[in-house]
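Everything on this sheet refers to the single structure shown next.
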Amino acid sequence: MEPEPIDAVAAVVSASGIASRRLRDLIMALAGGPATLDDLVRDHAVPRRTAEALLRAAGADLRSERGRVSLEPSIRQRYHERFAVAAEADVTGMAELIAGAPRPDQALDHVSATAATAERRARWLARTYDLAGARLVCIGDHDLTSLAVRKALPGTEVTVVDVDERLLEYIDGQGAGIACYHADLRFGLPPAVAGTADVVFTDPPYTPEGVQLFLGRGAQALRDRTNGRLVMAYGFSPLTPALGLKVQRAVLDLDLVIEAMLPAFNRYHGAQAVGSASDLYVCRPTTHTWQVLDRRLDKLAGSANIYTHGEQSLEGAAARGPARILGGGPLQADELTVDLAGDPGPWLARVLLALNVPRVTLLVANNHPDLRDESAQAALRELVGAKYDLRLRRSTPGPKQAIVEAELRPAGGVAGWLLTHVHGKIGNVLRDALIRADPSLTRAAAQERAAELVGRPEYLDARLIDLPRHLIVPLLA
């Protein structure tokens, strides 16, 4: 049975993914009155072949007079209801949100964009792509682009991946329904995020390595490998065009095509070396992207420092210590010593979460955020206490160093089970833990209880090690 013309048109629109915004506008033009094919192509910047496919699909719903086509008046309302783009909501108010956010982590060379820039990004995304029901993944989001997009288009699913625990807690605390995941991208992308995005936004470190890493992880996040887009903020000083060339080569080295570039689109508080501004790049993958992507990322993973300043800069010590632990699955050993001297903050807790080794010795900086005062030390013990007993030796072996000794506790309790299975899907691991604690529970009842405890259905298939700390602690409790 042949589909109705309106359903055939919907199939053509759907095949274009988030790039179908122009097709929707073309359909609305047909509902507004007669136009020639040449007019439709030129006015909506749609390839002639695509415009012809839409007209063929509309078939009997079209009327044609003297080379001009339009939708039959009796059918126009149905097309309008199905294909009209929802108006964007009010996206103002970002200044207050940005003012309340944690200050950018200087160790990771973050510089905040202005509130006007966050709002401009959201409006541009809303007017350029068909984001209703689509998913935006922000690879790093210290500019709160995620919150701006949720304001502009509440129907867009949004996910944030960031290394800053404070930022993730702040975004989650706004109640905008944004899924938040922790990751140091040098060690990988959370599996729950891979293959979920229709469009990715990132404002990466402005080094060739940083841009390639963040774009590469963004490509891994795409689910639509044909129509998906990677939108990136990047800028270089007009005094150093050679650096811009190196970064653009890093983009092309992923076999991404730079589809568009909007000059000086983003403005910043700081970053005066690049004029407190950056350009907006639109990249899309080619078939060759997927052939080279893993190899390119393997070269960067773990050993690459990606920032322009600070201990995590290109001149800093390489991040090899935790790479094997945080970049893969469980590690088998009886005893382990790990050098975390270059830890920017999150590695210590994540390594303790990742390991099930009976005895672990970790070397960290004496002023590490998890050790610097009694409150921080208590929070670390609260996080991993159901798995490890910790001995914290400050100023050892020297005044700038500290040693963390962790001894595995006997397995027991739901929290202990969760902490020794952090690489499994939370919903399944928690279900099994509940059944172990109460064998009278049926599998279905335990699954339902696990969903209640997790609260957010999008986290049921995530790994515990990928959740922000502020979500892990209450789950363990």
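Run a plain Debye calculation on the chain (Cα atoms as equal point scatterers, no solvent) and give log10 I(q)/I(0) at q = 0.13 Å⁻¹, rounded to two decimals, same order as the q list.
Each listed q corresponds, in turn, to -1.23.
Report the extension gain between ALA376 and HIS470 in nm, rounded to one decimal, defined as 0.36 nm multiplied by the number of residues separating them, less their alpha carbon distance.
Length difference between fully extended and current span is 32.5 nm.
Would you report the distance distribution of C-alpha pairs in segment 68-214 as whole percents per 5 angstrom bin, up to the bin with the largest distance?
2, 9, 18, 21, 18, 13, 7, 4, 3, 3, 2, 1, 0
Per-residue ellipticity at 222 nm for the chain, helices alone: DSSP H runs ≥ 4 residues times -39500 (n - 2.57), over residue total, nearest 500 deg cm²/dmol?
After summing the helix terms and dividing by residue count, I get -11500 deg cm²/dmol.
Students sometimes get this wrong: rank GLU448, GLU4 by accessible area, probe 1.4 Å, all chains present, largest first.
Result, largest first: GLU448, GLU4.
Roll a 1.4 Å probe over the protein heavy atoms and report the accessible area of GLU169 in Å², nearest 10.
For GLU169, solvent-accessible area is about 100 Å².
Which angle from 0 to 90°, rounded to the nearest 10, does the C-alpha axis of helix 443-454 make with the longest principal axis of the chain?
90
From the gyration tensor of the Cα coordinates in segment 1-87, what semi-axes in whole Å does the equivalent ellipsoid have, largest first, with each one equal to sqrt(5λ)?
Ellipsoid semi-axes (Å, largest first): 16, 16, 13.
Tell me the volume per residue, in Å³, of the convex hull enclosing the alpha carbons of segment 23-146.
136
Quote the Stokes-Einstein diffusion coefficient, in whole µm² s⁻¹, for segment 321-380, based on the Kirkwood radius over alpha carbon pairs, a temperature of 25 °C and a viscosity of 0.890 mPa s.
On the way: Rh = 12.0 Å.
D = 205 µm²/s.
Kirkwood hydrodynamic radius of segment 31-77 from all distinct Cα pairs, in Å?
Hydrodynamic radius (Kirkwood, Cα pairs) of segment 31-77 is 10.9 Å.
Test of understanding: what is the full-extension gain from ALA99 to ASP339, defined as 0.36 nm times their sequence separation minus their Cα-Cα distance?
The span from ALA99 to ASP339 would gain 82.8 nm if fully extended.
Quantify how much of the Cα-Cα distance distribution of segment 160-252 extends past 16 Å, in percent.
When every Cα pair of segment 160-252 is considered, 60 percent fall beyond 16 Å.
Under a crude label model (7 Å from the Cα following the beta-carbon direction), how far is TRP290 from LEU243 in nanometres?
Here the modelled spin labels are 3.6 nm apart.
With a Förster radius of 51 Å, plug the Cβ-Cβ distance of THR442 and ARG66 into 1/(1 + (r/R0)^6) and report the FRET value to the nearest 0.05.
Plugging the Cβ-Cβ distance into 1/(1 + (r/R0)^6) gives 0.15.
With loop defined by DSSP as not H, G, I, E or B, and exposure as at most 10 other Cβ atoms within 10 Å, which is the longest segment of the chain clear of exposed trypsin sites (Lys or Arg not before Pro)?
Counting at most 10 other Cβ atoms within 10 Å as exposed, the longest clean stretch of the chain is 67-399.
Quick one: of the DSSP bridges fully inside the chain, what percent are antiparallel, nearest 5?
Bridges in the chain are about 60 percent antiparallel.
So how do MET28, MET1, MET261, MET232 rank on accessible area, 1.4 Å probe, biggest first, that is with the largest at the start? Kindly include the intermediate steps, with their values, before the conclusion.
Working: MET28 45, MET1 235, MET261 90, MET232 0 Å².
The ranking, largest first, comes out as MET1, MET261, MET28, MET232.
Could you calculate the FRET efficiency of ASN366 with LYS299 from 1/(1 + (r/R0)^6), where r is the beta carbon distance between them and R0 is 30 Å, rounded to 0.05?
Efficiency at R0 = 30 Å is approximately 0.35.
Provide the three semi-axes, in whole Å and in decreasing order, of the ellipsoid equivalent to segment 376-477 as defined by the square roots of 5 times the Cα gyration tensor eigenvalues.
Here the semi-axes work out to 31, 15, 9 Å.
ASP224: accessible area at probe 1.4 Å, nearest 10 Å²?
My reading of the accessible area for ASP224 is about 40 Å².
Want the number for GLU405 to ALA15: 0.36 nm per residue separation, take away the alpha-carbon distance, what's left?
On the way: separation 390, 0.36 × 390 = 140.40 nm, distance 5.49 nm.
Stretched fully, the GLU405-ALA15 segment lengthens by 134.9 nm.
Could you check what % of the DSSP bridge pairs in segment 315-438 are antiparallel, to the nearest 5?
In segment 315-438, approximately 70 percent of DSSP beta bridges are antiparallel ones.
Any idea what the dipole of segment 154-199 comes to, in debye rounded to 20, about its Cα centre with Lys/Arg Cβ at +1 and Asp/Glu Cβ at -1?
Computed charge dipole of segment 154-199: roughly 80 debye.
In nanometres, what is the gap between the two model label sites at ASN428 and ASP461, each 7 Å from Cα along Cα-to-Cβ?
Here the modelled spin labels are 1.2 nm apart.
Can you give me the pair-distance distribution of segment 310-454, C-alpha pairs, 10 Å bins, whole percents?
Per 10 Å bin, starting at 0, the Cα pair percentages come out as 11, 36, 31, 16, 5, 1.
The values are calculated or read from the model by the stated rules, or taken from the named source; none is laboratory data. Because the structure is a prediction, the values reported are computed rather than measured. We place every Cβ from the backbone using ideal geometry, glycine too, and count neighbours over all the protein chains shown. In case anyone asks, the SASA skips ligands and DNA or RNA and just uses the protein heavy atoms, side chains included. Shrake-Rupley method; radii C 1.70, N 1.55, O 1.52, S 1.80 Å.
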